[in-house]
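The values are calculated or read from the model by the stated rules, or taken from the named source; none is laboratory data. The structure displayed is predicted, hence computed values, not measured ones. Note that each Cβ is placed from the backbone with ideal geometry, even for glycine, and that neighbours are counted across all protein chains shown.
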Amino acid sequence: MKTSWNEIQLADDFLEDHIPPQERLVVEAQLIVNPAFRFSLQLQKKLHALVKSYGRKKIKAEAEVIHQKFFSDPGRKIFQNDIQQLFNNS
């Protein structure tokens with residue numbers, strides 16, 4: 001089974017809610033009558049979830065590196081105290 005670029009783009013637009021309501025109805029009808037398209041859309045949905053999860057993990061790892069850099073270095077004690085004061089005063 002080969003998925004066309006147009007079908008992939010349509011699935012993306014459908015999943016991201018970037019298509020007008022009339023076209024959305026057509027896609028929903030295709031999902032009912034076309035099992036191959038339905039399967040393709042399900043795979044695309046899983047792919048979106050994986051990419052989103054990967055992005056979150058990457059951002060979390062980058063934030064941890066920054067945290068370690070700024071809050072573990074004794075030379076940044078003034079900065080650490082300033083940040084602590086900001087949160088204590090909130």
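Right, Glu7: of a type in the set (Asp, Glu), at pLDDT 90 or above and surrounded by 12 or more Cβ atoms within 10 Å (Cβ to Cβ) or not? Walk me through how you get there before you give the answer.
Numbers: of a type in the set (Asp, Glu): yes; at pLDDT 90 or above: no; surrounded by 12 or more Cβ atoms within 10 Å (Cβ to Cβ): yes.
Taking the combined requirement at face value, the residue does not satisfy it.
Going through Lys69, Lys60, Lys52, Lys77 one at a time, which residue ends up being free of Cβ contacts under 8 Å to residues at least 40 places away in the same chain, among the basic types (Lys, Arg) and closer than 30 Å to Trp5 by Cβ?
Lys52 is the lone residue from the list that is free of Cβ contacts under 8 Å to residues at least 40 places away in the same chain, among the basic types (Lys, Arg) and closer than 30 Å to Trp5 by Cβ.
Does Arg24 fit the bill of being of a type in the set (D, E, K, R) and modelled with pLDDT under 90?
no
Go through the range 16-48 and report how many residues are surrounded by 13 or more Cβ atoms within 10 Å (Cβ to Cβ) and among the polar types (S, T, N, Q).
4
State yes or no: is Lys46 within 30 Å of Phe14 (Cβ to Cβ) and of a type outside the set (A, V, I, L, M, F, W, C)?
yes
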